[in-house]
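Please read the structure below before turning to the comments.
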């Protein structure tokens with residue numbers, strides 16, 4: 001299938017998905033956050049440390 | 001207990017979490033989402049043939065709104081890839097037995113794989129209001145979202161956990177080897 005046809009098919013398919021599924025079921029792929037939240041995200045990407053509960057979870061240890 | 005991707009042959013009709021919306025999604029739409037539209041994947045925790053819980057994930061992105069020029073130098077003006085945890089539910093018969101934690105661990109593992117394979121800065125979960133304390137314990141922080149919120153009611157709270165924290169937690173839990 002040529003690239004143009006694939007793009008066209010995907011474009012036609014998106015509204016089909018929106019029609020077939022109730023709005024509350026669809027997960028919006030893009031989330032837009034405020035600048036304050038954006039700064040918080042970037043800070044956590046740079047320097048956050050895992051909580052004890054997260055370390056235990058990833059180690060497979062119970063509560 | 002095994003955790004694996006949903007199959008078309010799995011019986012979803014008997015699943016009851018106590019939340020009508022989560023049950024309706026699993027029974028009526030999880031299959032369509034995954035096998036027909038390919039817009040999300042559901043993982044199930046199974047004991048024999050019984051579904052103990054499920055988790056639905058999808059690839060997504062975060063954008064930061066309204067960046068004035070000075071902030072643009074510091075903050076990225078392009079979408080940041082994330083793993084979106086859209087739903088997590090446990091059958092009433094298995095609630096309190098650690099199934100939810102195991103499903104969350106699988107989701108966080110998926111985020112690390114995504115980071116290694118094609119980029120992911122973290123996980124965004126659409127937390128039911130009652131589940132916010134559960135996610136907070138693991139370091140998830142609430143986000144103020146302007147767009148892209150789920151239309152489910154009651155409105156879920158978007159929460160973020162960085163892949164950095166997940167990676168550090170995983171590394172800290174790996175057995176140390178002598179060289």
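Coordinate-derived values only; no laboratory data. Here the structure is a predicted model, which is why all the values come from computation and not from measurement. When we count neighbours, we look across all protein chains shown, and the Cβ atoms used for this are built from the backbone with ideal geometry, even at glycine.
Counting partner chain Cβ atoms within 10 Å of every residue's Cβ in B:1-9, what's the average?
On the way: counts 0, 0, 0, 0, 0, 0, 0, 0, 0.
Taking the mean over all residues of the peptide, I get 0.
What does the structure give for B:37-44 when I average, per residue, the other chain Cβ atoms found within 10 Å of the residue Cβ?
Working: counts 8, 2, 7, 4, 0, 0, 0, 0.
Average neighbour count from other chains, rounded to a whole number: 3.
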Item to check | On Cα atoms only, tilt of B:163-173 relative to the major axis of chain B in degrees | outcome: 60
Checklist entry - Between the helical axis of B:99-118 and the dominant principal axis of chain B, each derived from Cα atoms, what acute angle in degrees is found, rounded to the nearest 10? => result 50
Next on the checklist: I need to check one value: relative contact order of the range B:53-173, counting alpha carbon pairs closer than 8 Å and at least 6 residues apart, in percent.
Outcome noted: 24
Checklist outcome for this item: With -39,500 (n - 2.57) per DSSP H segment of 4 or more residues and division by the full residue count of chain B, the 222 nm estimate, nearest 500 deg cm²/dmol, is -8000 deg cm²/dmol
Checklist entry - At a Förster distance of 22 Å, what's the computed FRET efficiency of residue B:144 paired with residue A:24, Cβ-Cβ distance as r, to 0.05? => result 0.55
Checklist entry - At what distance in nm do the modelled label points of residue B:27 and residue A:52 sit from each other, each positioned 7 Å from its Cα along Cα→Cβ? => result 4.1
Item to check | chain B, Rg to Rh (Cα coordinates; Rh as Kirkwood inverse mean 1/r) | outcome: 0.99
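Determine, from the Cβ-Cβ distance of residue B:65 and residue B:137 and an R0 of 30 Å, the FRET efficiency 1/(1 + (r/R0)^6), rounded to the nearest 0.05.
According to the calculation, E is roughly 0.60.
Once fully extended, how much extra length lies between residue B:36 and residue B:20, figured as 0.36 nm per residue of separation less the alpha-carbon to alpha-carbon distance?
Values: separation 16, 0.36 × 16 = 5.76 nm, distance 2.31 nm.
In short, 3.4 nm is gained.
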Checklist entry - How many Cβ atoms of partner chains, on average, are near each residue of B:142-154 if near means within 10 Å of its Cβ? => result 5
Item to check | Inter-site label distance for residue B:117 and residue B:4 at 7 Å from Cα along Cβ, in nm | outcome: 1.8
